[in-house]
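Here is the structure we will look at.
The values are calculated or read from the model by the stated rules, or taken from the named source; none is laboratory data. Predicted model only: the values in this text are computed from it and were never measured. Neighbour counts run over all protein chains shown; Cβ positions are idealised from the backbone, glycine included.
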Amino acid sequence: MTVFSHLFRLFIRLRYPVSLPEEVADALGIELSNDLTFSQFVSQLTSSSCQPTRLCKFMPRQQVEEAFKTAQKKERFKQDSLFSYYFNEGWLEFVLQFDTDSRLRRIYVQHHTIKEERGIEIPLVRM
């Protein structure tokens, strides 16, 4: 590794000491870079062009939850799961809703800067 790449990694860790945008991107199966500002990162997550490739509608719950294994907080409820990533700007949360057969129906992203009560739904493609 070059000196430049070490300095770049240090800069990224100063900006994102706990979670990285690439961890969230990996969970969803989208392309995002760690060099985005947090507001750019949230903006890309909540844009209509955000199309997860790793997750799809009606995917089994166990596979979906495995995708979020790097989240700092993981909470399971009867038909919902909550996965949270910590950033300096606050918690970024993903609410995953499942049907009675434990198949993924919807994903919402929530952050205190998102004004919608439920958050913003990330569109899923069907299997």
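Quick check on my filter: what residues within the range 98-127 are in a loop (DSSP other than H, G, I, E, B) and touching a Cys at 6+ places or on another chain (Cβ under 9 Å)?
Result: 123, 124, 125, 127.
Just to check your reading of the model, which residue among 44, 51, 62 is part of a helix (DSSP H, G or I), among the polar types (S, T, N, Q) and closer than 18 Å to residue 109 by Cβ?
On inspection, the qualifying residue turns out to be 44.
If you scan the range 20-40, which residues turn out to be in a helix (DSSP H, G or I), closer than 21 Å to residue 55 by Cα and not charged (D, E, K, R)?
Listed by number, the residues that qualify are 21, 24, 25, 27, 28.
Got a number for residues in the range 11-26 being touching a residue at least 60 places away in the same chain (Cβ under 8 Å), out of contact with any Ser or Thr (no Cβ under 6 Å at 6 or more places or on another chain) and not aromatic (Phe, Trp, Tyr)?
Here the count works out to 5.
Yes or no: the range 74-81 includes at least one residue that is of a type in the set (A, V, I, L, M, F, W, C), in contact with a strand residue (DSSP E or B) (Cβ under 8 Å, 6 or more places away or on another chain), modelled with pLDDT of 95 or more and not in a strand (DSSP E or B).
Among the residues of the range 74-81, not one is of a type in the set (A, V, I, L, M, F, W, C), in contact with a strand residue (DSSP E or B) (Cβ under 8 Å, 6 or more places away or on another chain), modelled with pLDDT of 95 or more and not in a strand (DSSP E or B), which makes the answer no.
Go through the range 47-57 and give me each residue that's over 23 Å from residue 69 (Cβ atoms) and touching a residue at least 24 places away in the same chain (Cβ under 8 Å).
48
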